[in-house]
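Here the structure comes first, spelled out in structure tokens, and everything after it is commentary.
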Amino acid sequence: MTETATPNPPREWPTLLGDNARTGAQGKRQLHMPEKAAWQYRAGSAVRSAPVLAQGVLYVASASGVLHAIDAVTGASRWKFESPAEVHSTPSISVNLILFGCDDGKVYALEQSSGQKVWEAVSQAEVWASPVVRNGVVYFGSADAKVYAVDAGNGVAKWVQELGGKIYSTIYAGEGQLYVGCGDGKVYGLEAATGKILWSTLTGNGIDSSPAVADDLVLIGSEDFFVYALKANTGEVKWKFETGMGISSSPAVSGDLTVIGSKDGYLYALDTHTGNLRWKTIVGEIVTAPPVLGDGVVCIQAGGVFALDTRSGQIVWRAALAGAIQSAPVLTDDSLYMASLSGEIYALR
Amino acid sequence: MDRRSFVKAGCLGSASLLVQGLDPLLRADSVPTAAPPVELHGFPNYKPSPLGMPGLFPGRVVEARDAQAIVRNRVSQPIVRRLLDQVMRELTGETSARDAWAKFVEPKDVVGIKINPSGAPACCSSPELIREIIAAVQSVGVPTRNIVVYDRYSYEIDIGSYQALLPTGIRIVGIQDAFSGAGNGYEPLVYCDANFFGEWETRSYMASIVAHDVTKIINVPTMKDHSASGVTGALKNLAYGTFNNVARTHRAPHTFTNPLIGLMCTVEPLRSKAVLHVMDGMRQVWHGGPLTQVQDYIDQTGILMVATDPVAMDTIELQAIEKKRSERGAPSLWQRDESSLTPDSNVFFHDPTKNLFFRQPGHIAAAGKLGLGVSDLKQIDHRLISA
């Protein structure tokens, strides 16, 4: 491991794609091409989820079931937590807790500073989706086809709602509504307080993608090759856009720009309100990871890491690191953190 | 620390060495003369099943095709359902699909569905077909908890999104992690031992899920050419998807897929448990297999084949891929012209006249000689059902 000090502690990135609105690095300065790897950390097994960052610590779950807390400045290990099964879930931060789902069907809440387990919430099948925290409630979907809402402080269940198929999509928690994709091919709108199904909209195949919300639109991809924009209050399809293959990537939204990858290898930039194609750029053979939007650039892991100009889709730079197609980078003012399928974690500056 | 422990410990930082034994694209220093002896170690005193390969219907292959089964690269669920129903009834002579499936699985079975996700998403075992197979197995009375969909590499299963696309309650298992070598899902007492190119680890172990967990296997190969073995069909999907450390049998431009594929399929309990082969020919890769994503060489053919005899099935597949290559002006899979070789996989993927290895389609006939089935086209009962 090489170490290089950085003068500023990194900014926060407490959940998948930065925050509950999945804004990524928007608002930060334009991401320049990294010049060097500040450090490299070996997790020991594949990483199939995305890192998160809080209070100067990067949290990464490896598929073998270990949650790593890594000093974001030095790359040194702070602590490790070994869960009893594989982990594919991107962690989330809730105040002083770090939460993640596990293949043993549980969501674990650990003390952020020490890695000590505080509580666990139980479902009946693996939890690959990231737990999402809003207003003191943790929401997560499970492969047992149920959505769970538990108290963020103690993990006690508030409600459980059964849907029609397995859930690998990470819930989008709005102020009063939740949105999630499901293996039965439907996108669901749920009442956040009760879990009541408010609407559901059928697509042409199962859904692996996680939704984003822009204005009154829920944006999501489906394995039926289409990107959908649904009206958030009714589920009515406003537009849909066809790609060349199934979509398990998730959309990143910045105002009127929506960017999403497809298994056809392209990254697509669409007009959020009309679905019109602005550009598409091939970045690899397959794209399944969600893109991350920064100011003027969009980053995607697709065999390597690519940064594209959001206006033109031109590739600004690429790094032949982090050969993962399922993870998403963490972008900060001066650093980029990435995890790879081979279990390497990099801090680039 | 014995030699194997040392090898595993020493290779922790090199995923390809640990998992593959050798980088298959390493060049051979010299031309190997002949295949080395291969020691096979199955479970001693294992009682073979009469359902084991070549199974209940040696030499019979039933094929159905419907051009509407795949439209704009999407597989039609209802058409696949109908095709599967038709071919199963024709294979068995039963009037109902349920009775046809009941010839192969019983309610007490633990059924493994061996998919081929390599090459996902462009060409892999279609989730739509797997859903229908699951429903058929359930129709016989096998509980959902006793159905497991599996393959070697979990990351390839992820790319195919099988987890999200298959029904709730179905277990989906990736035996090992290809990139970091994690996973101990192999049975140490069942293995094939041979030294092909001087590799340190000379054993390939059988997956525990095959050795112990499942009682029946429904094999779902795809219809593709293969840069080393000529085609990847029922035999290769079973053999190289069940045993680990198999890429060591290739060192460009040479490969020992013949005879290892057939030999592996004779090892018990794999031979007895693999009772049915359902070939997914919705898409047909005629160049660049098994991993290509280049759509130029993938035809949307809408074919479905079933057989209990993997040799007969692969013989029909080989004939079909050969025909397709001939139609497209690509050289035969049997070609052994040195000028066709390239060490560059990017060149290979985009040029049908190039290949990485001297292909070994003879592995199918070799498997026939081992008693796994019929490889003589004149003796194969190839039944075609048109839409």
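Figures for the structure shown
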item: Qualifying aspartates and glutamates (Cα of each under 20 Å from Cα of B:Lys108; at least 8 residues distant if same chain); result: B:Asp99, B:Glu132, B:Asp213
item: Percentage, to the nearest whole number, of Cα pairs in the stretch B:232-275 over 17 Å apart; result: 26
item: Three-way shape label, the stretch B:173-288, alpha-carbon gyration tensor, a/c 1.5; result: oblate
item: Dipole in debye (nearest 20) - the protein assembly as shown, about Cα centre, beta carbon charges: Lys, Arg +1; Asp, Glu -1; result: 600
item: Rounded, prolate or oblate (a/c below 1.5 giving rounded, otherwise prolate when a/b exceeds b/c) for chain A by Cα gyration tensor; result: oblate
item: Long-range HN-HN contacts of B:Phe104 with modeled amide H, under 5 Å; result: none
item: Using θ = phi - 60° and Karplus 6.51 cos²θ - 1.76 cosθ + 1.60, couplings along the stretch A:246-262 (whole Hz; Gly, Pro as x); result: x, 10, 10, 5, 10, x, 10, 10, 9, x, 8, 10, 10, 10, 8, x, 9
item: Whole-Hz ³J(HN,Hα) from phi, Karplus 6.51 cos²θ - 1.76 cosθ + 1.60, for the stretch A:337-349, glycine and proline x; result: 10, 9, 10, 10, 5, 8, x, 8, 10, 10, 10, 10, 9
item: Test item: Cα-centred dipole of chain A, Lys/Arg +1 and Asp/Glu -1 on Cβ, debye; result: 300
item: The stretch B:69-149: trypsin sites (Lys or Arg not before Pro) falling in loop per DSSP and having at most 16 other Cβ within 10 Å; result: B:Arg72, B:Lys108
item: Per DSSP, loop GluC sites (Glu not before Pro) in the stretch A:197-256 with at most 14 further Cβ within 10 Å; result: A:Glu236
item: Under-5 Å amide H pairs with A:Gln177, H placed in peptide plane, nonlocal only; result: A:Ala192
item: Positive-end extreme of charge dipole, the protein assembly as shown - chosen from A:Val187, B:Ile159, B:Leu276 (charges on Cβ); result: B:Leu276
item: Which of B:Ser332, B:Ala366, B:Pro352, positive extreme of dipole for the stretch B:276-387 (C-beta unit charges); result: B:Ala366
item: Anisotropy class of the protein assembly as shown from Cα gyration tensor, a/c 1.5 cut; result: prolate
item: Average beta-carbon neighbours from other chains, 10 Å sphere, peptide B:166-176; result: 4
item: Top positive-direction residue, dipole computed over the stretch A:163-299 with Cβ charges, set A:Ser249, A:Val227, A:Asn205; result: A:Asn205
item: Loop sites in the stretch A:132-203: trypsin sites (Lys or Arg not before Pro), DSSP, at most 13 other Cβ within 10 Å; result: A:Lys196
item: In Å, descending, principal axis extents of the Cα set of the stretch B:37-82; result: 49, 24, 19
item: Residue-averaged beta-carbon neighbours from other chains (10 angstrom radius) around A:43-55; result: 2
item: For chain B, calculated [θ]222 nm from helices alone, where every DSSP H run of n ≥ 4 adds -39500 (n - 2.57); result: -8000 deg cm²/dmol
item: Karplus-derived 3J(HN,Hα), 6.51/-1.76/1.60, for each residue of the stretch B:301-307, Hz, glycine and proline x; result: 9, x, 9, 9, 10, 10, 6
item: Relative contact order %, chain B, counting alpha carbon pairs below 8 Å whose residues are six or more apart; result: 25
item: Cross-link pairs A:Lys196/A:Lys238; B:Lys47/B:Lys236; A:Lys80/A:Lys186; A:Lys196/A:Lys263 - those with Cα-Cα distance over 26 Å; result: A:Lys80/A:Lys186; A:Lys196/A:Lys263
item: Interchain or long-range residues, amide H under 5 Å from A:Leu97's placed H; result: A:Gln112
item: Quarter of the Cα convex hull surface for the stretch A:136-218, i.e. its orientation-mean projected area (nm²); result: 5.0
item: Dipole magnitude (debye, nearest 20) for the stretch B:229-387, charges at Cβ of Lys, Arg, Asp, Glu; result: 240
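Bear in mind that the values in this text are calculations on the coordinates, not laboratory data. Remember, it's a predicted structure, so these values are computed and weren't measured experimentally. Counting neighbours? That spans all protein chains shown, and the Cβs are built from the backbone with ideal geometry, glycine included.
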